[in-house]
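Read the structure below first, then the notes.
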Amino acid sequence: MTAQILDGNALAQELRASFKERVAALTAKGHKPGLVVILVGEDPASQVYVRNKVNACEAVGMHSEKLVYPADVAQSVVMEKIAELNADPQVHGILVQLPLPKHFDEEAVLEAIAAAKDVDGFHAENVGALAQGNPRFIPCTPYGVMKMFEKGNVDLSGKEAVVIGRSNIVGKPMALLLINAGATVTVCHSRTKDLSFHTRRADIVVAAVGKPRFVTADMIKPGAVVIDVGINRLPADQGGKLCGDVDFEGCKAVAAQITPVPGGVGPMTITMLLANTIEAAERNAQQEAGR
Ligand code: NDP
């Protein structure tokens, strides 16, 4: 068997084309969606992520702004800015690029963002809403994975799903979304005793581990759907390329559907950030119309 490739680039393009129409409709009514991205420090990877987010916003006609602070800025300065943005009607989404410098209380900063503008979906109120099965903002990466299931016609109801990784950003919200969609979900992590025992009986495997080619073909049930969230840079002596948490070549021969890296989940993450910001602007427009 050779698995069908779930193409994140193609789906991201398709969705972004539809976003242009929604943004144009909102802009025409005076509700141009606006995202502000806050970057503290000069981490090169974060700079690239922030630039990509801002460019993606502009490409669909949204307003976006990047606020950059030096690494030694006081937390209170960033908190004051967040309070100002919370009150700004032109701003529908606020995102603080993680990780923050060590002197920051990351949780306090994320909680300072108004829940209605928390387009990353990391605020406790939004995490709670997702856990209750009534989400307002879904964290972008697992939201992107759900869109890929939809596009690939993957029926989740009644399926055995195994999520490898329990981070707040990927693993936990992914597990909640799968539960909400009717899957029977097992969450594995570094303390899991026999990982292969779990993955081998799974109809769906989502890998969010951060270890190159960690999931191998012998861990996959024939005909399973394999989603690779990992983004790892191989060492220079192995080619220095990007690779996922899944041994793509090996698993492709066993799985029914699989995502590649690059070109799988990666492009969907920023796409769903745009989706969340547009949804925030649409909700705002509806509320104003109802007043
Ligand atoms: P974290 O490091 O926060 O979480 C990794 C998880 O993997 C942890 O829960 C950890 O367990 C688990 N783990 C580590 N080793 C093992 C093991 N040997 N067996 C089973 N589980 C293990 O990473 P993130 O969730 O933030 O990211 C995961 C990957 O996804 C990374 O490669 C990251 O770059 C990528 N990523 C990709 C995105 C995209 O846009 N495609 C967006 C976000 C992340 P424990 O909790 O016990 O430590």
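With each pseudo-label sitting 7 Å past Cα toward Cβ, what's the A24-T216 distance in nm, one decimal?
5.2
For region 140-266, with the dipole built from +1 on Lys and Arg beta-carbon atoms and -1 on Asp and Glu ones, taken about the Cα centre, which of N180, A217, A253 lies farthest toward the positive end?
Result: N180, furthest along the dipole toward the positive end.
Taking the Cα of R283, stepping 7 Å toward and past its beta carbon, and measuring to each backbone N in region 88-130: which are under 15 Å?
91-95, 113-130, by backbone N distance to the label point.
What residue among V77, V36, V109 shows peak mean-square fluctuation when the chain is described by a Gaussian network model with Cα springs under 10 Å?
Of the options given, V77 has the highest mean-square fluctuation.
For each pair in K151/K241; K32/K117; K32/K53; K102/K193, compute the distance between the two Cα atoms and list the pairs where it is over 23 Å.
In this structure, K151/K241; K102/K193 exceed 23 Å between Cα atoms.
May I ask you to give the solvent-accessible area per residue for the chain, in square angstrom, as obtained with a 1.4 angstrom probe? List each step's numbers first, then the result.
Values: 13670 Å² over 291 residues.
Accessible area per residue, the chain: 47 Å².
Using a Gaussian network model on the chain with a 10 Å cutoff between Cα atoms, which of G165, G266, G182 fluctuates the most?
Fluctuation is largest for G182.
Would you work out the Kirkwood radius for region 36-98? I mean one over the mean of 1/r across all pairs of different Cα atoms, in Å.
12.3
Volume per residue, Å³, of the convex hull around the alpha-carbon atoms of region 1-130?
That works out to 148 Å³ per residue.
Given 37 °C and 0.692 mPa s, how large is the Stokes-Einstein diffusion coefficient of region 132-189 in µm²/s, with Rh as the Kirkwood radius over Cα pairs?
The diffusion coefficient I find is 287 µm²/s.
Relative contact order of the chain: what whole-number percent is it, with Cα pairs under 8 angstrom and at least 6 residues apart?
About 23 percent, as a whole number.
Net charge near M268: determine it from the other residues with C-beta under 13 Å of the C-beta of M268, scoring Lys and Arg +1 and Asp and Glu -1.
-1
Looking at the chain as a GNM with Cα springs under 10 Å, which of N168, N126, N276 has the largest mean-square fluctuation?
N168
Between N9 and N168, what length comes free when the chain is fully extended (0.36 nm per residue of separation minus the Cα-Cα distance, one decimal in nm)?
Result: 54.8 nm gained on full extension.
Given a 1.4 Å probe and every protein chain left where it sits, what share in percent of the accessible area of the chain is carbon and sulfur?
Percent of accessible area from carbon and sulfur atoms in the chain: 52.
What FRET efficiency comes out for E80 versus Q47 if R0 is 35 angstrom and r is the Cβ-Cβ distance? Round to the nearest 0.05.
For E80 and Q47, the calculated efficiency is 0.90.
Could you tell me how many cubic angstrom of Cα convex hull volume the chain has per residue? If you can, show how the numbers build up before the last one.
On the way: hull volume 40.3 nm³, N = 291.
Cα convex hull per residue, to the nearest whole number: 138 Å³.
Just to confirm my numbers, what's the Cα centroid distance between region 70-128 and region 222-291 in Å?
24
Can you tell me which of 196-203, 156-163 comes out highest on packing, and rank the rest after it, using the mean Cβ neighbours within 10 Å?
Sorting 196-203, 156-163 by mean packing, highest first, produces 156-163, 196-203.
The values are calculated or read from the model by the stated rules, or taken from the named source; none is laboratory data. Computed from a predicted structure; not experimentally measured. Here the Cβ is made from the backbone with ideal geometry for all residues, glycine too, and neighbour counts use every protein chain on show. To get the accessible areas, we keep the full protein, side chains included, count just its heavy atoms, and leave off ligands, DNA and RNA. Shrake-Rupley method; radii C 1.70, N 1.55, O 1.52, S 1.80 Å.
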